[in-house]
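The values are calculated or read from the model by the stated rules, or taken from the named source; none is laboratory data. Remember, it's a predicted structure, so these values are computed and weren't measured experimentally. Quick reminder, even Gly has a Cβ in these numbers, built from the backbone with ideal geometry, and neighbours come from all protein chains shown.
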């Protein structure tokens, strides 16, 4: 494969697509499939055959189109008309009315000028809903692998690192470390063997951003990883993906095979000296494996228990070798940055948090689904404009970001801009992108208990504060929720939380108390209402026995 | 506690499943760091990981028995006990929780008379909790025998469970 | 390797940069409590008792796995650290069934000593009263898992020094337990060489010799020094070898 071959492939595919008068894109992501989009596909094909349109209209399965709550979704190209809640009857109507008589099916048409679409900005998800994830040609037709070609044939590794650094891209896994700096560190370590690892162990309950990218545009991740491999000097990549995502695993396997067949992965990529391979590693259901040292342990076939850092994986990672570890969404941003330049990317968002962020919007909100917004957008815009607000008759109470490591943001802070620093200033974190909206029916003590239950179950058990501390915090919350706790228990709860936060070994334990601390900060009254007066007085802050009078 | 079966079972003749497992092991060059991959393959072939199987894998990958046991019990995806004929996997992720997954949980437990994480005494239904199946847009969600059911209600769940419960075992009878 | 200078509790010291802060502090008679650490075994940084405050860092760092850096200013015994250490010991006490009065290692127990040293008088969190398997099937030893603090010294000594790897940890979180082979009774674990090293390194009464009675058993871990020096310390414990 040469750069010219790639160009030619892209043109061939573009010509093939232009032959069709229309292309019917149905959403083949997990959400819509479970609402019956496969039946819709069959009906579309059947109706096209009946109308003798099978040769001129193509039916294409694509990645997530965003509005998961209203699925199955079907988009008609080139018009771009989007239909929601498409069942077999509507599918038939789309063919018979929209295509044949040229009258859109009004009842199911979605107004794409609605803020849900208008306020969004798609970089990571640009191809979701636009290409067939299972065909590498379609990815190539939309400039896929062009960035890799450019990097390998025209740029020095140091230039690639510099370009990523200048873009201001920060790790999308949640911590927000500068991606360019991380790449620079791994590049500078002297070693014959280095690894590039993609963290696709998306474990936050209520988050499905990475899943959608992996299912809808897997080649984008492969391209991003290959570019990273070239930049840091690695020849082998691993994608660690959750076993709970069978469709994503299947699509990635297929994508790797296709890329190898075309020589886009393997030896002498684009006739250069650069070799790069990617293998999959399947997780087995452990949230803690999202932590980088635990993930590395798990790839090595061991119990996924974290170890203290330093040494960081960039020095001693997989099998003791320097390892670059980034999240799915981070890799998904690489190809566009190379293609369009760091200046273009750095101009999006805020100066300190550049680019866009994908959120999985769910909970008590009208429009649930997957959204991508520029950094710095206000939370209010996301919840009320894009999300359409809470369902009728209820009031917005809080938005939870960052999953079990994050916090709840109350209505008073709705105008906070969504960027790394601002979110942490209100006691939450950017996190990987789960955003759950809660309304007045949600009890915040219960919410805190729910997350602590999660952390307690997912604690690996290695360090004492996390292993035992989370059990006690959960127990205290249980007692508070049942109305059995006393006013002495609240200081104890806070002390335990601070201690687990400060002394735990890894990020899971260090952030496990966040949901409790943030609900205590903004909804303390909900806790206090449930407390009773104690029978005996125990001075807080000491470990001395209670004094009896 | 089963007896100590430290001598690995020789290839039980006639059990083709071991051939499949051997193929998975060879694919990873019997490397110890492929343990999780091999356990995945074994569970896919045998349905669950019984002790003899773990011994077989430990010997094939030249790993200590306790390490294999430690890994198999660390990851929730692996099960050391056989599952029921049907599995009802309820998502307890945040979006499902906010939309009332706990009501479905109570209804399912009531209906099957067992708790989540258990299998009914007649081995028909296993109730399993998942932390997030990533279909938050259509919460609350359950996975019924590998099929995702979205926007589930407690009544809907009970209906599906009752259908399984009342299913006649024609094949085994 | 290089020589760096640093300050620990106000004392100016110089040290080699491949030593841990724990080693450096102990060479200078600065006491830092530890539980999972044992000279001669790999360090895992799990018990969190040796946490230190380092100026300029907002995170506490474990002494056993942190290397010194030029100009580092370290505090080992601040009020905050004392409080957290006391709470950690309280959590350990609540996690198991540590009835000292009926324990073979009473008065020779590292957990008990830690409770004295950290000034723990009262455990404010409720006891969890576990009911784990006590196993006396081995001809010479007993494992009482309710007294286990999961320090993994036994796992490490068995793997790193004896090379048998009888022990490992099964389960996750609060359900973690030490298991022999495929969770079989210790007496029938064929990989066990009955060397008894695990019993000697166990900090509590979880692993004990048969035939001793209450408060009779004293453990000694000095033997590790001699085994380890024969292997040139440090070289044989690589990242891949390191247990848990």
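Here are the numbers for the structure shown:
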{"item": "Selected residue (criterion: modelled with the highest pLDDT) from residues of segment A:524-549 that are over 16 Å from residue A:476 (Cβ atoms) and either part of a helix (DSSP H, G or I) or touching a strand residue (DSSP E or B) at 6+ places or on another chain (Cβ under 9 Å) (or both)", "result": "A:525"}
{"item": "Filter result (in a loop (DSSP other than H, G, I, E, B), more than 24 Å from residue A:468 (Cα to Cα) and without any contact (Cβ under 8 Å) to a residue 40 or more places away in the chain) within segment C:53-75", "result": "C:55, C:56, C:57"}
{"item": "When residues of segment A:71-85 are limited to those that are in a loop (DSSP other than H, G, I, E, B) and closer than 14 Å to residue A:61 by Cα, the one modelled with the lowest pLDDT", "result": "A:71"}
{"item": "Count of segment C:175-216 residues which are in contact with a strand residue (DSSP E or B) (Cβ under 6 Å, 6 or more places away or on another chain) and within 14 Å of chain A (Cβ to nearest Cβ)", "result": "4"}
{"item": "Condition broken by residue A:368, with the remaining ones in (1) touching a strand residue (DSSP E or B) at 6+ places or on another chain (Cβ under 6 Å); (2) modelled with pLDDT of 95 or more satisfied", "result": "(2)"}
{"item": "Residue within segment A:205-228 that is touching a strand residue (DSSP E or B) at 6+ places or on another chain (Cβ under 9 Å) and farther than 24 Å from residue A:336 by Cβ present", "result": "yes"}
{"item": "Entirely in segment B:68-173, the helices (runs of 4 or more DSSP H) that have 3 or more residues that are within 23 Å of residue A:400 (Cβ to Cβ)", "result": "B:94-98, B:101-112"}
{"item": "Test for residue B:57: is it modelled with pLDDT of 90 or more and farther than 24 Å from residue A:290 by Cα", "result": "yes"}
{"item": "Criterion violated by residue A:469 - all others in (1) within 12 Å of chain C (Cβ to nearest Cβ); (2) touching a residue at least 12 places away in the same chain (Cβ under 8 Å); (3) farther than 30 Å from residue A:302 by Cβ satisfied", "result": "(3)"}
{"item": "Qualifying residue in segment A:90-105 (condition: part of a loop (DSSP other than H, G, I, E, B), touching a residue at least 12 places away in the same chain (Cβ under 8 Å) and within 32 Å of the chain's Cα centre (by Cα))", "result": "no"}
{"item": "Any hit, segment B:16-37, residues being away from chain A (no Cβ under 11 Å), over 16 Å from residue A:299 (Cα atoms), out of contact with any helix residue (DSSP H, G or I) (no Cβ under 7 Å at 6 or more places or on another chain) and not in a helix (DSSP H, G or I)", "result": "no"}
{"item": "Complete set of residues in segment A:496-509 that are surrounded by fewer than 24 Cβ atoms within 10 Å (Cβ to Cβ), under 15 Å from residue A:293 (Cα atoms) and within 9 Å of chain C (Cβ to nearest Cβ)", "result": "none"}
{"item": "Residues located in segment B:116-141, provided they are within 18 Å of residue A:450 (Cβ to Cβ) and more than 10 Å from chain A (Cβ to nearest Cβ)", "result": "B:116, B:117, B:140"}
{"item": "Filter result (assigned to a loop (DSSP other than H, G, I, E, B), buried (at least 21 other Cβ atoms within 10 Å of the Cβ) and touching a helix residue (DSSP H, G or I) at 6+ places or on another chain (Cβ under 8 Å)) within segment A:396-426", "result": "A:402, A:406, A:418"}
{"item": "Qualifying residue in segment C:126-137 (condition: within 13 Å of chain B (Cβ to nearest Cβ) and buried (at least 17 other Cβ atoms within 10 Å of the Cβ))", "result": "yes"}
{"item": "Residues within segment B:50-100 that are farther than 23 Å from residue B:160 by Cβ and more than 18 Å from the chain's Cα centre (by Cα), tallied", "result": "14"}
{"item": "Counted residues, segment A:353-395 - those being within 13 Å of chain B (Cβ to nearest Cβ) and either under 25 Å from residue A:453 (Cα atoms) or part of a loop (DSSP other than H, G, I, E, B) (or both)", "result": "14"}
{"item": "Matching entry among A:150, A:170, A:165 (being at pLDDT 95 or above, outside the structural domain of residue A:70 (by TED's automatic domain parsing) and farther than 30 Å from residue A:273 by Cβ)", "result": "A:170"}
{"item": "Qualifying residue in segment C:40-52 (condition: away from every other protein chain (no Cβ under 12 Å) and either touching a residue at least 24 places away in the same chain (Cβ under 8 Å) or part of a strand (DSSP E or B) (or both))", "result": "yes"}
{"item": "Conditions (1) out of contact with any helix residue (DSSP H, G or I) (no Cβ under 6 Å at 6 or more places or on another chain); (2) touching a residue at least 12 places away in the same chain (Cβ under 8 Å): number failed by residue A:144", "result": "(1)"}
{"item": "Subset of segment A:24-59 [outside any helix (DSSP H, G or I) and over 30 Å from residue A:207 (Cα atoms)]", "result": "A:51, A:52, A:53, A:54, A:55, A:56, A:57, A:58"}
{"item": "Residue match in segment C:178-188 (condition: touching a helix residue (DSSP H, G or I) at 6+ places or on another chain (Cβ under 7 Å), surrounded by fewer than 19 Cβ atoms within 10 Å (Cβ to Cβ) and either more than 21 Å from residue C:147 (Cβ to Cβ) or touching a residue at least 12 places away in the same chain (Cβ under 8 Å) (or both))", "result": "no"}
{"item": "Segment A:417-441: number of residues that are more than 15 Å from the chain's Cα centre (by Cα) and within 22 Å of residue B:95 (Cβ to Cβ)", "result": "10"}
{"item": "Extreme residue, surrounded by the most Cβ atoms within 10 Å (Cβ to Cβ), among residues of segment B:61-80 that are more than 10 Å from chain A (Cβ to nearest Cβ) and touching a strand residue (DSSP E or B) at 6+ places or on another chain (Cβ under 8 Å)", "result": "B:66"}
